[in-house]
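Some notes on the structure that comes next.
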Amino acid sequence: MKNIVIFISLLSCLSSVYAQKKQNAVQQTIETFFDGMHKADTLLISTTLHTECQLSSVLNDSKGETFIRKESISNFKRSIANKPSNVTFEERILNYDIKIDANMAIAWTPYHFYLNEKFLHCGVNVFVLAYLEDQWKILSITDTRRKEECPKE
């Protein structure tokens, strides 16, 4: 009986280590995406994205009405590549809440966005990823943006 308890405990520990390793890999994919964005390196960004990745923002207009803005990956990468050299931006991720089931993951990442080191807005990114060909690829990114009620860094 003692051996069974030890065996079950060992399996539980191994399962936990494996789950943490998968979460770390998902987080690393997202960090690589932002590293590419901050460096204006569209090739690095491309290594993290599925070829059919979708970008969406859930926004409010001046009347407070919610609308969805979609952007193509090609337009996003073009805007990153054409960023003037005197412009800097940084999206600071506050934390990662990653959930994984089989070969699919989601990551909820609250953030603060800075333009030329000045706070511009905050929000949340939701990443959906799939494990394809031995790596995590981003299938979609949806974000929110606001200037009020931002969490502390």
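The values are calculated or read from the model by the stated rules, or taken from the named source; none is laboratory data. Bear in mind that the values here come from a model prediction, so they are computed numbers and not experimental data. Here Cβ is always computed from backbone atoms with ideal geometry, including for glycine, and neighbour counts include all displayed protein chains. SASA here: full protein model, heavy atoms, side chains in, ligands and nucleic acids out. Shrake-Rupley method; radii C 1.70, N 1.55, O 1.52, S 1.80 Å.
Observations
- Look at the alpha carbon pairs under 8 Å that are at least 6 residues apart: their mean separation over the length of the chain gives a relative contact order of 21 percent.
- For the range 17-77 and the range 85-153, distance of Cα centres in Å: 7 Å
- Solvent exposure of the chain, expressed per residue, is 67 Å² of accessible area, with all protein chains present and a 1.4 angstrom probe.
- Taking θ as phi - 60° and the Karplus parameters 6.51, -1.76 and 1.60, the scalar couplings of the range 147-152 work out to 10, 9, 6, 8, x, 5 Hz in sequence order, x denoting glycine and proline.
- Trypsin sites (Lys or Arg not before Pro) restricted to DSSP loop in the range 21-63 with at most 16 other C-beta within 10 Å: LYS63
- Using C-alpha pairs under 8 Å with a sequence gap of at least 6, the mean separation divided by the residue count of the range 32-99 gives a relative contact order of 29 percent.
- On the principal axes of its alpha-carbon atoms, the range 70-153 has extents of 41, 31, 21 Å, going from largest to smallest.
- Fraction of accessible area attributable to carbon and sulfur, the chain (%, probe 1.4 Å): 55 percent
- Candidates per GluC sites (Glu not before Pro) in the range 44-87, loop by DSSP, up to 10 other Cβ within 10 Å: GLU65
- Scaled radius of gyration (Cα, divided by 2.2 N^0.38 Å) that the chain gives: 1.25
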